[in-house]
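The next block holds one structure in the form of structure tokens; read it before the comments.
The values are calculated or read from the model by the stated rules, or taken from the named source; none is laboratory data. The structure presented is a predicted model; accordingly, all values stated were derived computationally and were not measured. Positions of Cβ are backbone-derived with ideal geometry, glycine not excepted, and every protein chain shown enters the neighbour counts. Ligands, DNA and RNA are excluded from the accessible area calculation, which covers all protein heavy atoms including side chains. Shrake-Rupley method; radii C 1.70, N 1.55, O 1.52, S 1.80 Å.
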Amino acid sequence: PAKIESGKKYPLVLTLHGRGGNTTAAGALASDEMREKYPCFVLAPAVTRQQVWAVPSDFRKLPGQQALPVAIAALSKVIKEQPVDADRVYVTGQSMGGFGSFGAIAANPELFAAAIPVCGGWTPEDAEKMKSVPIWGFHGDADKTVPVERSRQMVDAIRKAGGSPKFTEYPGVGHNSWSATYESPATWEWLFSQQRKP
């Protein structure tokens, strides 16, 4: 937040970058306009080229040491040390970070109030673990790097498990589905309206 008010607690957004090292979400949240409209803490950890956030068992395109547990440990530390509203902790990420977003809520569903995985995917068998977390997935249907089927499968599996994920598919858009997602006011309005349920 631009200014931390005494006695007030703020949301926290964990943003997970893609393989190229970019986290468009963190940049969007850092603008003066967004800091005024949605004052929040932003945690934007980084991994090396030898690391990944998290990888589902059936996806071999992302080799490397999985760093999500370290990011979650850092997140827990920030929640303890800063005036964070524990009922408004969110995760979002693009590409490799989209996989990491699904992985984060599969491993720690009780921690997150909502997730926005962008052009990611996961193992449908883990849908049961994610069904209670509000999710809004985004993917371009012309994505050649991470096929749109990855997101479609997850959304279908979570719905079958009893969840109610939202899903936006961009027609004719390739791998960069994050620009439109993070530039849209509706994305952030939805995210910051979510609260963790007891």
- Quick one: angle between helix 96-107 and the longest Cα principal axis of the chain, in degrees between 0 and 90, rounded to 10, please. 80
- Query: What's the long-distance tail for region 1-94, i.e. % of Cα pairs beyond 20 Å?
  - Reply: 41
- Task: Only loop residues by DSSP count here, and only those with at most 12 other Cβ atoms within 10 Å; note down the trypsin sites (Lys or Arg not before Pro) in region 61-165 that meet that.
- Result: 61, 144
- Message: Tell me the Kirkwood radius of region 57-117: reciprocal of the mean inverse pair distance over distinct alpha-carbon atoms, in Å.
- Response: 12.4
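Is region 102-198 best put as rounded, prolate or oblate by its Cα gyration tensor, with a ≥ b ≥ c the root eigenvalues, rounded for a/c under 1.5, and otherwise prolate when a/b is larger than b/c, oblate when not? Present the calculation step by step, with values, prior to reporting the outcome.
On the way: a/c = 2.15, a/b = 1.28, b/c = 1.68.
Oblate is the answer for region 102-198, as a/c is 1.5 or above yet b/c matches or exceeds a/b.
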- Item | Cα-based reach from residue 3 at 18 Å (exclusive), listing aspartates and glutamates while leaving out same-chain residues under 8 positions away | 32, 33, 36, 81, 85
- Projected label distance in nm at residue 57 and residue 77, using a 7 Å step from Cα toward the beta-carbon: 3.1
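What longest region of the chain stays clear of GluC sites (Glu not before Pro) that DSSP places outside H, G, I, E and B and that have at most 10 other Cβ atoms within 10 Å? Can you show the working numbers first?
Numbers: sites that count: 5, 110.
Longest run free of exposed loop sites: 6-109.
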- Task: Run through all the Cα pairs of the chain and give the fraction in each 5 Å bin from 0, expressed as whole percent.
- Result: 1, 8, 18, 22, 22, 17, 8, 3, 1, 0
- Item | Area accessible to solvent at residue 141, 1.4 Å probe radius, in Å² | 70
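I need the calculated FRET efficiency for the pair residue 141 and residue 8, taking r as the beta carbon distance and R₀ as 30 Å, to the nearest 0.05. Walk me through the intermediate numbers first.
Values: r = 42 Å, r/R0 = 1.39.
It comes out at approximately 0.10.
Expressed in nm to one decimal, what extension gain is obtained for the pair residue 128 and residue 193 from 0.36 nm per residue of sequence separation less their Cα-Cα distance? Before the final figure, lay out each step's value.
Working: separation 65, 0.36 × 65 = 23.40 nm, distance 2.34 nm.
Between residue 128 and residue 193, full extension yields 21.1 nm more.
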- In percent, what relative contact order does the chain have, based on Cα pairs under 8 Å that are 6 or more apart in sequence? 20
- Task: Over the chain, average the accessible area per residue using a 1.4 Å probe and give it in Å², no decimals.
- Result: 47
- Calculated log₁₀ intensity ratio I(q)/I(0) where the Debye formula runs over C-alpha points of region 102-142, q = 0.15, 0.23, 0.32 Å⁻¹: -0.33, -0.72, -1.23
